[in-house]
Every structure is written in C-alpha cells, then in structure tokens.
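One structure is given here, and the rest of the page talks about it.
The values are calculated or read from the model by the stated rules, or taken from the named source; none is laboratory data. Keep in mind that this is a model prediction, so the values were computed, not measured. Neighbour counts run over all protein chains shown; Cβ positions are idealised from the backbone, glycine included. Just the protein is used for accessible areas: all its heavy atoms, side chains included, with ligands, DNA and RNA removed. Shrake-Rupley method; radii C 1.70, N 1.55, O 1.52, S 1.80 Å.
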Amino acid sequence: MLEILMAGGWAMLPILICSAVALAIVLERCWTLRRRSVLPPGLGDEVRNWARSGQLDPNHLTALANGSPLGELLASALAVRNRPRELIKERIEDTGRHVVHRMERYLNTLGTIALIGPLLGLLGTVIGLIRMFMDVMKGGVGDPMKMAGGIGEALICTATGLVVAIPAYVLHRYFRSKVAGYCVEMERQATELLDELTIVQQPAPRTRAAARATTESSAG
C-alpha cells in the first residue's frame, strides 16, 4: 500500500492531508451532533413547567443555556419572557441563527474536500502522464509494458481522490440533513414555549361579578 501511494507522486500529499482533515471533521461532528447532546429528552416539557411555575433565576438560565443547543434557544426566550410576543420571537430567531451556525461548523470544509478531492487526483494523474510522455520523447517508446505500468501509476491519484471525495460528500449531505432535522424540532419546541409564555403573560379573565362591582364603584 505504501508503494502504491508513493507511486502517485507529490500530488498524493494534499490528497492524504484532505483525507486526514475529513476524518477529523467526521469524528468531531459525530460526537457533537449526537441527538442526546443537541435535543436532551424531556427538556422542552421541563422548561415549559418552569415557565408555568415561575421558578426561574439567572443562574438557572445560565445552566440551561450552557447545557445544549436546545437549552440555549429556550433560555434566550426565557431571558425576555416579560417582553411582548414579537420581541421574544425575534430573540429566538436571532439565537437560532447562531445555534445553527455552530451546528454546521466545519461542514463547509468537509464539502470543499469532497469537491477538490477528484480535482487533486486528476491533477496528479495529468502531471504523471505529462512526465511519462516527456520520458518517451527523450528515450523512445521502449518497453510497452513499462509504459502501461506508468499509466497505471498515474491513475492512482485519480482513484485516491475519488476514494476520499465520495465518503466526504455522502457524510456532508448526511450531516446537513441531520442539522436540518434538528432545526425543525428546535423550532417546534421554541414555538410551544413561546405559546406558554404568551399564556402566562395574559391577565386572568375578570369575572362578571368583579366587572359589575368595578362599574358600580366608578358610577358612585
């Protein structure tokens, strides 16, 4: 295997570097984008119960925001829970953009590797073919079997580039779809909390007797 990689020439070096970077990104994203760490089970119901009972304090909100992306989104709404609904909604949207940006971290790099992997392989192949034909021009065709072997060695770069690019592209699409699914669930949880906060803000309905007493006192 080492001899095959060395036969690909210097163009194999950037391809191998890209493969190492892609592997590191995949492992990091697999760990970071675990469902349990992004959307802790039961967190939405627990936060809505907190909002309903009014058991909220700054330390509680800080711990919630640092716990998970969903917790950060819900904590941003609770931090301005006494504001009008539109302002709470704007705060959720602003925080959501930052949360999504962090969940998509390094995915552009992974997509770039998937794009340039075949190009680097093609570049190495073209350079190898040029070098081989230059040798033919200097010394003649010589042994055809040797020439065929040189072409095979030149194609190693293309094959290696595809081996790196195909998994990178598939995993890039997978992580993108995973983040999109998380965003939908987080939006649902935030909307339910927003509805809960709006209900809490609404004053209790006045009874008919209280309204009659208020009217009589005003008339007197």
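Some points to look at:
- Tallying residues that are in contact with a Gly (Cβ under 6 Å, 6 or more places away or on another chain) and free of Cβ contacts under 8 Å to residues at least 24 places away in the same chain within the stretch 101-139 yields 1.
- Filter result (at pLDDT 95 or above and of a type outside the set (A, V, I, L, M, F, W, C)) within the stretch 161-175: P167, Y169, H172, R173, Y174
- Residues satisfying the stated conditions in the stretch 174-188, i.e. open to solvent by 50 Å² or more (accessible area, probe 1.4 Å) and of a type in the set (G, A, S): S177, A180
- Residue list for the stretch 34-61, filter: in a helix (DSSP H, G or I) and either open to solvent by 50 Å² or more (accessible area, probe 1.4 Å) or of a type in the set (K, R) (or both): R35, R36, D45, E46, R48, N49, R52, S53, P58, N59, H60
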